[in-house]
Every structure is written in structure tokens, then in C-alpha cells.
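The values are calculated or read from the model by the stated rules, or taken from the named source; none is laboratory data. On a predicted model such as this, the values are computed, not experimentally measured, just so you know. Note that each Cβ is placed from the backbone with ideal geometry, even for glycine, and that neighbours are counted across all protein chains shown. Side chains included, ligands, DNA and RNA excluded: accessible areas come from the protein's heavy atoms. Shrake-Rupley method; radii C 1.70, N 1.55, O 1.52, S 1.80 Å.
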Amino acid sequence: MGRPERHAALVLCGGASRGALEVGFYKALEELGLGFDRIVGTSIGAFNGAMIAGGLRAAEIEALWLDFNLRKAVSWNWGWLAHPRLQPGLFSLDRFRALLHEVLPATRFEHLKLPLTITTTDLDSGKPVYWHGQGDLIEPLIASMSLPGIFPPVMLEGRLHVDGGIANNVPLDRARDEGAAHALVIDCYCDRPCLRPPRGMIAILTRSFAVAVDGKFHADLARLKRRMTIERVTPHFDNNVEMMDFSKTAELIETGYRATMRHFCSADYQVVSNSASITGQSGTSPCVH
């Protein structure tokens, strides 16, 4: 018998504008030739995951991010302002829906080049729901990014769904359940103290959300380390970059890239997937060309 496959998953978390860190992360992984055979994403990580799973190269994704601004994705939800009981949320993501149809290589799960799982939160049960395999990926993707109070919930199969980060922002456990023995992840949230207090409703909401999901992530990390190998890149960045501030995209991409290169060129590690082998002291570093 041959050695069993040891699947590796790219796990992409939420973080809104800080999702640019994941672009730098992927750019470094691509440059180093480090592979994975599945993607599990939440919120902005689901968006990045859909682009990667669809076959876009890191340079293409970076160009899309550098060209992005909120006006291309978000508009006032005038319907809710006029009728508060309908589609509650300050802003609409209808522009983002249109943008997804323009930029994504595939808009159905079965047309992707790599398996992708998108996390949403069922608003009634409070539990995570995972979308994959077949069917439309646009609406689950919108739901996965719909932070309550800021964006309206999305109706999926007769139930309301909101931002996947509420139930599972860093879906390492889902990657493990799908058979991954290894996970590649970069931190986008951080509960370090802010140098300046958040100001404004949206900044306070997103900061509170970040603190909550970060605590769950660390609990999951401690539990799952016994069940799988987790390659976790922890970048150092300005914790005062607000979730809706896309003016720091270039800096965040570079930060994610440099942190990933440092991690895989200095750490002791061993990750094996269908498409790449990553070894530490016992083998050859991917940084040696």
C-alpha cells in the first residue's frame, strides 16, 4: 500500500479590508510553490477563496484589490431607510453582486478548479452552514459577507443567513472535517489594544466583532492543534486599520507577503498536499532555489 494522501487546505478568514493580507499570503505561497487542494473561506476570505478556486493568479487578484474601492461594492440601502422592517441594514451589497459576476472566473461551485467551501451563519439557529459542491456561489458569498446591522441578511433555501464570521470566522474545524490534515492560514483579525479608540458606529461594531471572533479562534486553535498541522502566519500590522478602510490595501498586501515569506523561510514545518510538499529541517526549504 502507498502512503495515504495528506490533504492541505487553504483557510481564509474574514476581516473586510484586512483581507488584503490574504492576497499577500497567497502571492507568497504561489511564489514559493506551496500547494493546497481545497479552500475553506469566510466573509472576505470566501471572496478571495472564490477567486483562487476559480483559477486566478495572485497578480490578477492583487490588481483587482488595488483597483477596488467601497463605492464599487456598497451603496446606501434606501429601501431599509424608508421601510425599516424590510431588509434591515444600513448598506446594500447589490453593487458587489454585479461586481462578482464581472470578476469571478466561475459563479457556480461545480465550475471551480479547486473545491471551495463558503461559511455563512444561519440567523435562526445561530450555527454555521457550509456551502460547497454544486449550485450558485454568488448568494452564499454575499451572505458570508453580510455583517448584521451593516448589510441585510440573505435568504438561502428559505432561511436568513448573515456573515459567516459570527459562527466560524476561521473555519479550521471545517477544513479538518473535509479531510485536511494540514491547514494554511494567516491572521486578519487581532484583539491587540487599539492605539486610538474606535469612533463611529461602524468602527465600534466591527471592533467589537473582531474581539469576539478572535477569542473563538484562539480556543479553536488550541483544540485543533492536536488533530491537524496548522501553519499560521501572524503578520504585524497597524491594528487601527478600520475594517472598511481600503486605502491601505497595498501596504496590507505587502505585509501579508513579507510575513508569509518570513514564516516559511525560517520555521520548522512539514506540510504535504496533492500539489506540493513543504518540509522543514528534515528536508529542503521551499525558499532555496
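Observations, loosely collected:
- Within region 99-110, restricting attention to residues that are free of Cβ contacts under 8 Å to residues at least 40 places away in the same chain and either surrounded by fewer than 20 Cβ atoms within 10 Å (Cβ to Cβ) or among the charged types (D, E, K, R) (or both), the residue that is farthest from Val74 (Cα to Cα) is Glu110.
- Restricted to region 13-86, the set of helices (runs of 4 or more DSSP H) holding at least 2 residues that are at pLDDT 95 or above and among the small types (Gly, Ala, Ser) comprises 20-32, 44-53, 58-66.
- Pick from region 231-253, criterion under 17 Å from the mean Cα position of the chain (by Cα) and assigned to a helix (DSSP H, G or I), ranking: nearest to Asp214 (Cα to Cα): Leu252
- Checked against the criterion of being loosely packed, with under 15 Cβ neighbours inside 10 Å, of a type outside the set (Lys, Arg) and at pLDDT 95 or above, the candidates Ala250, Ala180 yield just one match: Ala250.
- Here Phe96 passes the criteria (1) surrounded by fewer than 13 Cβ atoms within 10 Å (Cβ to Cβ); (2) assigned to a helix (DSSP H, G or I) except the one numbered (1).
- Region 37-69, residues that are in contact with a strand residue (DSSP E or B) (Cβ under 9 Å, 6 or more places away or on another chain) and either without any contact (Cβ under 8 Å) to a residue 24 or more places away in the chain or surrounded by fewer than 22 Cβ atoms within 10 Å (Cβ to Cβ) (or both): Asp37, Gly54
- Total residues in region 120-167, condition open to solvent by less than 10 Å² (accessible area, probe 1.4 Å) and in a loop (DSSP other than H, G, I, E, B): 4
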